[in-house]
Amino acid sequence: MKYIKYKIILLLLTNWLVVFAQSPGFCGTPSNVPNFLTNLSSSFQTPQSSYVIGIYFHVMRTSAGTGGQTQAEINTAFNTLVSDYQSYNITFQLLGTDVISNDSYYNQTSFTVDANGDGKFDNFTVNSHSNAIDIYLFANDKLNFGLASNIPGTALVIGGSAFGINLASSHVLSHEVGHCLGLFHTFHGTWPNEALGSCPELVNGTNGATCGDFVADTPADPARIFDCGTQSTCTWNCSGSYSDANGQSYNPDTHLFMAYTFPNCMSYHTPGQISRMFSTIANSTILSNTVISCKTTTIANRVFSSNTSITDCRIEISNSSVTNNSNVSLYAQEETVINGTFDVQLGSQLEIK
Amino acid sequence: MKQAIYLFLVLIISLGCKNNEITQSTVHFGESFTLKANGIISISSSETNDNNAKIHFSKINFDSRCPKSMCNLCYASTASINLLLIHDKDTSNIPLTILGCLDEYECNDELYYRKDTLGYRFCLLRLDPYPYGNTQVDPTNYSVKLNIVRL
């Protein structure tokens with residue numbers, strides 16, 4: 001009988017340990033992400049005026065090499081990301097694209113966020129690079145979410161669809177990159193499940209820098225846009241329905257990349273968010289490793305007779321021409337300098353960004 | 001004797017733990033209510049007491065909502081359930097979706113994943129339990145909070 005008693009006690013203890021081990025926070029998954037910048041003291045590094053960040057695209061396909069995002073969708077993803085950030089003087093340089101043909105990875109849905117501080121997912125590091133943000137593009141019928149590895153972090157997964165939009169090639173990619181570069185959701189601290197590590201931001205903005213998303217110029221957000229906002233017009237329809245601790249009604253910005261808003265509505269970061277990203281890049285070792293130092297591409301006496309795209313920090317070009325109905329695109333992070341002459345023949349095109 | 005008592009206690013506890021999934025009661029259109037997995041509820045108009053419609057929470061299709069511990073890094077993620085609408089002798093399958101990383105939604109014109117069909121509006125407001133970590137929820141342990149109105 002004593003033996004049976006011990007067995008029952010052991011069984012109960014084992015069950016308790018299993019439940020405890022599976023509870024959040026025990027197995028290495030952080031239960032919240034601390035405000036990275038508040039942990040810095042006198043060691044704060046002043047940001048540069050612009051950054052070029054290296055990225056790698058990893059395209060997930062089946063073991064047979066089928067499925068996954070098309071080349072057109074991958075191109076759209078890159079162009080959307082570059083376009084969303086270029087006006088903030090943050091440019092992304094695509095260091096490479098690989099295809100990961102593996103059924104197991106193709107169907108993976110569970111990712112353990114970064115707890116060891118290397119910036120990558122702890123259970124998913126296939127083909128990862130320490131000098132870049134690894135962007136894993138899953139098929140448009142997988143995941144149905146975007147997930148960053150950490151704040152800050154250097155990996156993200158994105159795939160599937162939501163609100164009728166292919167997430168991987170949408171502004172949601174810029175949302176996830178925002179996490180990697182140090183940004184929280186605009187409702188951080190307000191929604192109870194995200195309150196850890198923060199506190200509710202007040203509508204009057206008096207605690208905006210220390211609560212919520214730690215960015216003062218983003219309005220307090222109750223995270224209700226998916227049932228109080230209109231996707232087609234990006235309008236907020238619940239004025240008066242939700243209020244903060246002072247009784248003031250929330251009026252969230254439905255256009256911010258970092259809000260829980262519809263992908264088609266995402267269109268900008270605030271100056272405060274941009275400043276926070278620059279500070280994070282300058283002070284995070286894992287992000288500093290992804291920064292590509294400014295280089296200059298110099299081109300002289302060249303005739304462009306086919307479609308050409310040149311991306312670099314600075315571009316200096318002299319005495320050149322575009323012929324044969326070709327399109328030439330120059331993407332310079334800092335500046336493009338044209339010396340002497342640059343002829344563009346009728347039917348050809350020169351684009352400078 | 002003691003062994004018999006232990007066995008009896010274990011039997012009682014295990015019977016007590018077994019889910020009694022089928023619940024039968026009545027709610028009115030427009031009232032939010034909770035239904036356990038495999039549960040059935042009658043739904044009627046408060047004016048006419050017409051209680052021919054029944055709702056059966058028949059199935060969880062999938063639950064890939066981001067675990068709450070990761071929601072500060074996650075966008076979207078969804079779960080999907082199936083309801084059966086039983087009206088007179090007709091049965092209709094109603095799939096409903098809910099977004100992850102928020103606890104509960106409002107049933108109004110703007111709820112993205114509401115479903116307006118067969119003269120009714122179906123709103124899946126809440127799905128419990130919310131997944132934690134990488135543990136799978138036993139399908140029989142789910143419950144839904146619904147709101148159904150006549151259009």
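The values are calculated or read from the model by the stated rules, or taken from the named source; none is laboratory data. Computed from a predicted structure; not experimentally measured. Heads up, the Cβs are rebuilt from the backbone with ideal geometry, glycines too, and the neighbour counts pull from every protein chain shown.
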Tally, over the range A:261-278, of residues that are in contact with a helix residue (DSSP H, G or I) (Cβ under 6 Å, 6 or more places away or on another chain) and either surrounded by fewer than 21 Cβ atoms within 10 Å (Cβ to Cβ) or assigned to a loop (DSSP other than H, G, I, E, B) (or both):
1
Can you find, within the range A:326-344, the residue that is farthest from A:V82 (Cα to Cα) among those that are of a type in the set (G, A, S) and surrounded by 13 or more Cβ atoms within 10 Å (Cβ to Cβ)?
A:S326
Looking at (1) free of Cβ contacts under 8 Å to residues at least 60 places away in the same chain; (2) crowded, with 16+ Cβ neighbours inside 10 Å, which is the one condition that is false for A:S284?
(1)
Can you name the condition, by its number, that A:G347 falls short on among (1) surrounded by fewer than 17 Cβ atoms within 10 Å (Cβ to Cβ); (2) within 13 Å of A:A300 (Cα to Cα)?
(2)
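One line per residue, one yes/no per condition, for (1) in a loop (DSSP other than H, G, I, E, B); (2) farther than 26 Å from A:A77 by Cβ; (3) at the interface with another protein chain (Cβ under 10 Å from one of its Cβ atoms); (4) over 19 Å from the mean Cα position of the chain (by Cα):
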| residue | (1), (2), (3), (4) |
| --- | --- |
| A:F187 | yes, no, yes, no |
| A:T190 | yes, yes, no, yes |
| A:P200 | yes, yes, no, yes |
| A:V203 | yes, yes, no, yes |
| A:T210 | yes, yes, no, yes |
| A:F214 | yes, yes, no, no |
| A:P219 | yes, yes, no, yes |
| A:C238 | yes, yes, yes, yes |
Failed condition for A:D253, given (1) modelled with pLDDT of 95 or more; (2) within 12 Å of chain B (Cβ to nearest Cβ), with all others met?
(2)
Sort out which residues of the range B:136-151 are part of a loop (DSSP other than H, G, I, E, B) and surrounded by 13 or more Cβ atoms within 10 Å (Cβ to Cβ), and write them in order of number.
B:V137, B:Y142
Consider the range B:64-115. How many of its residues are acidic (D, E), out of contact with any Leu (no Cβ under 9 Å at 6 or more places or on another chain) and either crowded, with 22+ Cβ neighbours inside 10 Å or facing chain A (nearest Cβ under 10 Å) (or both)?
3
Quick one: count up the residues across the range A:141-173 that are in contact with a Lys or Arg (Cβ under 9 Å, 6 or more places away or on another chain) and not in a loop (DSSP other than H, G, I, E, B).
3
Here is a check on your reading of the model: is A:S232 touching a Ser or Thr at 6+ places or on another chain (Cβ under 9 Å), of a type in the set (S, T, Y) and more than 10 Å from chain B (Cβ to nearest Cβ)?
no
How about the range A:121-146: which of its residues are touching a His at 6+ places or on another chain (Cβ under 9 Å) and either of a type outside the set (S, T, N, Q) or closer than 21 Å to B:G133 by Cβ (or both)?
A:V126, A:D134, A:I135, A:Y136, A:L137, A:G146
